[in-house]
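Down below is the structure, laid out as structure tokens.
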Amino acid sequence: MANFSKAYKPNTTEDGNKKIVSTSAAFGFLRKGLIENLGTKRAKGFLLRYGWNLAVSDAEEAMKTSSSINDLLNQASILHLSTGHIREIQSERIIEMSDSETIKSILGKGKWIDSFEAIEHLKHHGKSDIPVCHTLTGYASGYMSTVCRKSVIVKEISCIAKGDAECCFEARMQEDWGTEIQEELKFYHESNIIEELEYTYEQLLEQRNYIETVSKFHKKLTESVSNGSNLQDIADSSYKLLRIPISIEDLSFQKIVYAGMNEEEYIRLNKNLKENLIRKNRNNHNLLPLFNETTRIKTDNQERLITPIVVQKKVIGYCTFLYLKDAVKSAENDIMFIERVANAASLYLLNEKTSFEALEKMKGYFLEQILKGQYSTSAEVIKRGRHMGFDLEKPFYIAAIDYKEKGKTTQNSFDHYDQKLETIAKYLDIQGYKALIGQYEGKIIMLIPENAKIFPTIEKIFRHLETTYPYCQFKIGISDKSEDIESVLDYLEESLIALRMSTDKKINGFKDLGIVGVLINSKNVSGIKKIAKQELDPLYKLSNGKQKELLKTLYVFLSNGGKLQQTMDDLSLSMSGLMYRINKIETLINKDLRDSTQSYQLLLILDSLMALGELEI
């Protein structure tokens with residue numbers, strides 16, 4: 001039988017410390033477990049202290065055979081290599097001594113080659129944002145501090161786990177690092193588990209209190225909406241509870257309500273925000289950006305926390321916390337509050353939208369019935385109007401609105417008209433204007449009471465539409481004042497005539513048409529068409545493309561009073577090209593376009609044809 005009396009004697013220090021052999025892979029799994037269970041910061045502290053204690057043991061063993069600091073520091077590389085943590089180390093150092101045994105300063109630099117710690121970190125966790133060779137750093141710091149009898153701190157400057165080319169380090173006396181390593185030093189001091197538990201408990205208590213506060217806040221807002229509060233009530237309640245200025249605005253950052261600031265301050269901050277957003281969004285045609293999630297925005301004199309208000313999966317506005325330049329900056333916790341305010345606003349607006357749409361549909365259907373003559377008497381119309389809050393015995397105007405998308409000539413869909421109609425109705429509601437709004441023969445039609453200042457009101461609507469839909473070109477025709485609901489169709493026709501005559505002028509009143517309006521309104525339609533055929537028949541016989549080209553040239557030339565330069569600019573033609581067309585027109589219709597009598601008659605005919613919808617320039 002074999003003799004087992006000679007047992008294997010492990011590598012043991014004089015004080016009984018046994019050196020345990022392990023693999024880098026096994027240590028990698030241990031390291032992975034530490035990070036996953038303790039978290040990155042606590043694991044870093046553990047690994048730094050582990051490396052430090054390992055080095056202290058090696059340094060104390062080395063100091064038993066030598067007292068020379070230089071000799072002991074030279075042994076550091078050999079001892080570090082013996083741990084298997086690295087394949088090779090390259091370093092250099094400059095030491096200044098006060099005397100033979102006392103170090104005054106030390107500056108060391110070097111690099112660890114093939115750090116097992118960096119390799120294992122990449123394997124288990126992927127790329128890191130910070131250096132990860134914590135055990136190596138702790139070892140180097142612990143060894144140098146022990147043999148130098150002064151605190152020497154090693155800091156990893158670059159790391160392959162971070163994406164750097166090499167794992168490099170620097171060593172200095174603790175006091176020589178200054179404030180650069182204040183945070184790093186905390187990792188070398190082991191935390192008392194009781195203190196950590198107390199800290200964790202305090203954090204949990206703080207989080208619980210915060211969640212309770214948010215829950216109470218949300219409950220109050222929900223109750224406020226359920227009890228019939230409006231958006232102003234919601235804003236006021238939020239400011240009262242949080243003491244943070246708040247605003248609720250539409251997609252163009254137009255005010256709906258605000259609280260916690262005066263009007264002058266709100267206008268100033270709002271103007272500053274819009275200018276800032278447009279400046280940053282210049283690549284997108286100077287439009288305001290759309291925010292689909294909670295976003296922080298900073299300008300030179302304010303900070304905003306903006307969250308979208310979403311109704312039926314569509315962003316319709318924003319809820320904003322405002323932090324002034326001299327105020328405390330927005331906290332992460334405020335996000336939960338602002339999002340709950342936005343939710344409350346969404347609930348309110350969803351309810352309003354449903355009620356508003358139902359009412360507007362009723363009003364639109366009522367207007368459609370009036371225009372289609374579905375009421376037998378005017379008394380019946382007036383009675384129904386009173387139920388809807390409209391006194392149709394009083395004078396009114398009819399306005400017709402049409403649009404086209406810039407660069408497109410295709411017919412607009414009814415869905416798009418519905419969208420624009422809803423935008424107008426909401427705007428009028430916010431501004432406190434009353435009107436019946438509906439669709440008629442592909443146009444948006446409005447019946448507006450006389451008490452509204454018609455042209456200023458229409459101009460405001462026009463500007464709002466242009467701001468909301470910058471990719472569309474709108475035009476509006478307005479009738480004369482009607483005194484009697486029975487003649488509503490005549491005034492509808494006036495608004496459509498004015499709409500057709502809206503060329504350069506985007507808002508056109510029927511009364512501005514002058515003699516053309518009188519001619520059309522006196523029902524001389526057949527006579528106008530007959531005269532037009534007699535005077536312009538040679539042009540009508542041309543091909544469609546050529547006919548449009550020459551008719552447009554004729555109209556622009558006559559509208560400009562025969563001014564060649566202005567006509568050239570409007571049509572983007574050369575002088576020779578313009579003269580060729582004018583000569584051709586004069587030859588075809590046998591007219592002298594420079595004769596004021598003949599030119600006036602022709603312009604009148606063209607204006608009348610446009611008003612009748614027979615001609616489009």
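The values are calculated or read from the model by the stated rules, or taken from the named source; none is laboratory data. Predicted model, so just to flag it, every value in this text is computed and none were measured. Backbone-built Cβ (ideal geometry, glycine too); neighbour counts: all protein chains shown. Quick note on the areas: whole protein, heavy atoms, side chains included, nothing else; ligands and nucleic acids left out. Shrake-Rupley method; radii C 1.70, N 1.55, O 1.52, S 1.80 Å.
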The percentage of the accessible area of segment 82-225 (probe 1.4 Å, all protein chains present) made up of carbon and sulfur atoms, to the nearest whole number, is 50 percent
How much accessible area does residue 587 have with a 1.4 Å probe, in Å² rounded to the nearest 10? 110 Å²
So how far apart, in nm, are the two label points at residue 372 and residue 351 if each is 7 Å from Cα heading toward Cβ? 3.4 nm
When the expected Rg is taken as 2.2 N^0.38 Å, what fraction or multiple of it is the alpha-carbon Rg of segment 45-135? 1.24
Which log10 I(q)/I(0) values does segment 423-463 give at q = 0.27, 0.34 Å⁻¹ under the Debye formula, counting every alpha carbon as one identical point scatterer? -1.06, -1.36
Work through the residues other than residue 511 whose Cβ is under 11 Å from its Cβ and net out their charges, Lys, Arg +1 and Asp, Glu -1. -2
Packing rank of 35-44, 147-156, where each peptide gets the mean count of other beta carbons within 10 Å, highest leading: 147-156, 35-44
Packing-wise, with mean Cβ within 10 Å as the measure, how do 339-345, 24-30 rank, highest first? 339-345, 24-30
Modelling each spin label as a point 7 Å along the Cα-to-Cβ direction, I'd like the residue 537/residue 213 distance in nm, to one decimal. 8.8 nm
Under 22 Å from the Cα of residue 591 - lysines, other chains or at least 8 residues apart: 529, 530, 533, 541, 546, 548, 552, 563
Greater than 30 Å apart at Cα, pairs in 127/314; 314/406; 404/426; 186/240; 220/314: 127/314; 186/240
Taking only protein heavy atoms into account and a 1.4 Å probe, give the accessible area per residue of segment 21-66 in Å². 56 Å²
What the 5 Å binned alpha carbon P(r) of segment 75-126 shows, as percent of pairs per bin from 0, is 5, 16, 18, 17, 16, 12, 8, 4, 3, 1
Alpha carbons only, please: Rg and Dmax for segment 438-513, in angstrom. 12.4, 38
Total formal charge among the other residues, if their Cβ is under 14 angstrom from that of residue 75, Lys/Arg +1 and Asp/Glu -1: -2
Net charge near residue 391: determine it from the other residues with C-beta under 14 Å of the C-beta of residue 391, scoring Lys and Arg +1 and Asp and Glu -1. +1
